[in-house]
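The values are calculated or read from the model by the stated rules, or taken from the named source; none is laboratory data. Values in this document were obtained by computation on a predicted structure and should not be read as measured data. Note: ideal-geometry Cβ built from the backbone for every residue, glycine included; neighbour counts use all protein chains shown. When the accessible area is computed, the model is the full protein with side chains, heavy atoms only, and any ligands, DNA or RNA have been set aside. Shrake-Rupley method; radii C 1.70, N 1.55, O 1.52, S 1.80 Å.
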Amino acid sequence: MTGTTACTAAARSPLRTFLRTETGSAAVLLAAALAALVWANVSPGGYESFWHTRLSLSVGRTGVSLTLREWVNSGLMTLFFFVVGLEARREFDIGELRERRRLALSAIAGVSGMAVPVAIYLALNAGHPSAQGWGAAMSTDTAFALGFLAVFGSRLPGGLRVFVLGVAVADDFLALAVIAFAYSSTLYVPALLTALGVLAVLLAMRAAGVHISALYLPPAVALWGALLRSGVDPVVSGLVMGLLTYAHPAQRHALERASRLFRRYREQPTPELERTLRRGLASTLSPNERLQRMFHPWTSHVIVPLFALANAGLPVSAARLAGAFTSPVTLGILLGFVLGKPIGIVGSTWLASRLSRGRLRPPIGWGAIAAGGGLAGVGFTVSLLIATLAFRGARLEEAKIGILSAVLCSFLVTWLVTRVLALLPPRRRARALLGSGDVIVDLSEPVDVTRDHVRGPLDAPVTLVEYGDYECPYCGLAEPVVRELLADFGDDVRYVWRHLPLTDVHPSAQLAAEAAEAAARQGRYWEMHDVLISHQGDLRAKDLLRYAGQVGLDSERFRRDLQARAGAERVAEDVESADLSDVSGTPTFFVNGRRHHGAYDIGTLSAAVRAARERAVLAGAGPRG
C-alpha cells in the first residue's frame, strides 16, 4: 500500500512495484543459473542437445524455424526488453528521469560505465580474435543488481535504487544498439525496409491516439518477424514497443467516472454494464502501468530465469577453471565488470559534477555512488546474450566463467564499500550516503504557515503533508501512525493536513471538510479535526453540530458558517493543489515536498522522515514543504 493508496487508487506505485519484483526475482534467477551449471555438468551432451532442438512455427507459406535456445534468446527475451522499455518510458514521463538533468547524469554514468569495461577488455584482448567479444564486458543486470541492493537494506540509501535503475536503463539502451549493429548477421535490406515501414505504422497509430493495447499486437509481431528476417536481432523490437507506450498518473476525473460506472453496475448488474465497468476501470491506469503489471512478473520469474537455464550451463573442472583465469576473455570480462564499472560510473559522475559546477549533482552521496558502481558490475543477462552471439566453443565457456565470477566479485566489492562506510563517524557517513544534491519536489504548492493547518513546530526541519478525506477509512488507519510519528520525532517534524474529499465515494466528506474549516474560523481546527477523523461513520449535519458543542465552539456561529459554506473556497483550493500535484486518492503523503511511495505504517514513514531529517541537517536547511 502506498502514499497514493486510496479508496480509489492502486495498491502500489509503479516504481515501487517494479523494484520489489526485480529484487524478488534475483533469487529465482540465481537458482536457474545454478540449475544450468548442475545440468551441464551432470549431462553435458543432454544439456546441449536439448537446447539445440529445433522448433518450427508456420502459417501457410510463412514460418519461423529456430532452436529452443534461439527461441528463448531472440523470442522470449523480446518481452524482457519490452518491460525495460516500459520502465524507461515511465521514468521519462512521470518518474525520476522527468528532470532532464538527472536523465543526463544517468546517461553519462551509464555510457561511461560501459566504455571503461570495454576499454579494459580490449586492452587485454588486443591483437587476438577474441577482441570481437568486447560487448560481453559492459552490460549491468538490473535484476541481480537490485536484488543484491536489497541484501544491504538500510545500510544504503533508498535513492541508490533509483540511481542504479537510471544507469541500468541507459546501459540497456546502448547494449541493444550494440547487439543491433555489432552482433547482428548480414543485413537483408528488403526485410529491414519492411521493419521500418511497420515502425512508421506504429508511430502513426500512437500519433492518432490509439490507446487499445491489443491493436498494437499484430504490427509488433510483424516488426519482430521483419527484424528476425533482416539479420538485426529482433529483441530490439521489444525495446521500441516499450518506449512507444506512454505513462501518466491516474487522473481524478477518470477515477470519478469509474465510480459512477460501478454505481450503475451495482444497481443493475448486467453483462453490458460489466464490460463497460471493466473498460472504465482499465482507462484509469496508463497502458504503460497495465502492461508492466501484466508482463513484468512473467519476465522476472519465468523468462529471464529460463534464459539463464538455457545459457549459463557449462562443464566445470579444475583444469578448465585454471585455463579460464589465464584467458584474456575471462580476465577481460571479470576485470571489466569488477574494476571498470565502478571506475567508469564514479569517475564520470564526479567529472560531470565538477565540469557542470554542480548543475549535474547526483541525488545521493559519493559513498552510495561507489556502492552503486560495485552493484553495476553484476553483469549477467545481456552479457550472456552477447557472449552467445560473439563466441562459440571454448571461448564461450571462458566468457561464461568470467560473467559468473563477476557476479560474485561485484557483490564482494559492494560489501567492502558498505563496511568502509560503516566505520565513518555518523555525520561523515550520512554525508557519504545522502550527499547534498537537491531532491525532486513533487508538491506543487509549498506549505504556507499563514494559511495551512500546521501541527508541530513551525520551524521543524521536516514537513509531512497529508492529503486526506475525513470519510476515507484509510485516512482513519493512518491517523494513529501520524500521531505516533509526531510523538517519536518531537520538534523535528511538523504535520500539515490538506483536504481532498472524494465526493464520488464519500458523500459526507465535503461537508466534513467544510465543518473543519468552520471550526478553524474560531481557532479550533485541530480539535474538530481529531473528532471528525475518529467518527468517520457519523458525519451528517446533525453530528457536526453536536461535535461543535463538544469542542467548545459558538454553535450558532458554526451553524451559520456551515450553512453559508464559508469554508468551501478553502477546501476547493486544497483540491486544486492536489490536482496540480497529481494526487488522485487518499491518503497521499509528501515528506519535505517529495511524494512518499510506500506503506504508511510507522516503520516506513519513520524511515522516510529520518532520511529527510538527515538530508535537511546536512544541507543546513530550515523547514521545507
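At a glance:
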| quantity | calculated |
| --- | --- |
| Conditions (1) assigned to a strand (DSSP E or B); (2) under 20 Å from GLU527 (Cα atoms); number of the one not met by THR463 | (2) |
| Qualifying positions in segment 569-583 - open to solvent by 10 Å² or more (accessible area, probe 1.4 Å) and at negative phi | GLU569, ARG570, ALA572, GLU573, VAL575, GLU576, ASP579, LEU580 |
| Matching residues in segment 496-513 - criterion: being open to solvent by less than 10 Å² (accessible area, probe 1.4 Å) and touching a His at 6+ places or on another chain (Cβ under 9 Å) | VAL496, TRP497, ARG498, ALA509, ALA512, ALA513 |
| Matching residues in segment 80-118 - criterion: being in contact with a helix residue (DSSP H, G or I) (Cβ under 7 Å, 6 or more places away or on another chain) and among the charged types (D, E, K, R) | GLU87, ARG89, ARG90, GLU91, GLU96, ARG98, ARG102 |
| Options PHE262, PHE307: the member that is in contact with a helix residue (DSSP H, G or I) (Cβ under 7 Å, 6 or more places away or on another chain), open to solvent by less than 30 Å² (accessible area, probe 1.4 Å) and at negative phi | PHE307 |
| Subset of segment 277-303 [more than 28 Å from THR588 (Cβ to Cβ) and either loosely packed, with under 15 Cβ neighbours inside 10 Å or aliphatic (A, V, I, L, M) (or both)] | TRP298, VAL302, ILE303 |
| Residue in segment 551-560 that is touching a His at 6+ places or on another chain (Cβ under 6 Å) and closer than 24 Å to TRP526 by Cβ present | no |
| Verdict on ARG290 being of a type in the set (Lys, Arg) and in a helix (DSSP H, G or I) | yes |
| Residues satisfying the stated conditions in segment 167-217, i.e. more than 30 Å from GLY373 (Cα to Cα), in contact with a Gly (Cβ under 7 Å, 6 or more places away or on another chain) and of a type in the set (A, V, I, L, M, F, W, C) | LEU187 |
| Condition met for ALA104 (more than 30 Å from VAL221 (Cα to Cα), at pLDDT 90 or above and not β-branched (Val, Ile, Thr)) | no |
| Qualifying positions in segment 536-568 - open to solvent by less than 50 Å² (accessible area, probe 1.4 Å), in contact with a helix residue (DSSP H, G or I) (Cβ under 6 Å, 6 or more places away or on another chain) and in a helix (DSSP H, G or I) | LEU544, TYR547, ALA548, GLY549, PHE558, ASP561, LEU562, ALA568 |
| Residues (part of a helix (DSSP H, G or I), of a type in the set (A, V, I, L, M), closer than 23 Å to VAL232 by Cα and open to solvent by 20 Å² or more (accessible area, probe 1.4 Å)) located in segment 33-83 | LEU68, LEU76, LEU79 |
| Lone qualifier among ALA399, ALA371, ALA390 - being at pLDDT below 90, of a type in the set (A, V, I, L, M, F, W, C) and either crowded, with 24+ Cβ neighbours inside 10 Å or more than 13 Å from LYS341 (Cα to Cα) (or both) | ALA390 |
| Members of segment 220-235 that are surrounded by fewer than 21 Cβ atoms within 10 Å (Cβ to Cβ) and modelled with pLDDT under 90 | ARG229, GLY231 |
| Unique residue being under 29 Å from the mean Cα position of the chain (by Cα) and outside any strand (DSSP E or B) when the list is VAL481, VAL505, VAL496 | VAL481 |
| Subset tally (residues that are surrounded by fewer than 19 Cβ atoms within 10 Å (Cβ to Cβ) and modelled with pLDDT under 90) for segment 412-430 | 7 |
| Out of ASP442, ASP448, sole residue that is assigned to a loop (DSSP other than H, G, I, E, B), acidic (Asp, Glu) and under 24 Å from LEU360 (Cβ atoms) | ASP442 |
| Qualifying positions in segment 584-625 - under 17 Å from TYR495 (Cβ atoms), at pLDDT 80 or above and in a loop (DSSP other than H, G, I, E, B) | THR586, PRO587, ASN592, GLY593, HIS596, TYR600, ASP601 |
| Selection status of GLN522, at negative phi, polar (S, T, N, Q) and in contact with a Pro (Cβ under 7 Å, 6 or more places away or on another chain) | no |
| Selected residue (criterion: modelled with the lowest pLDDT) from residues of segment 431-465 that are of a type in the set (Gly, Ala, Ser) and touching a helix residue (DSSP H, G or I) at 6+ places or on another chain (Cβ under 8 Å) | SER436 |
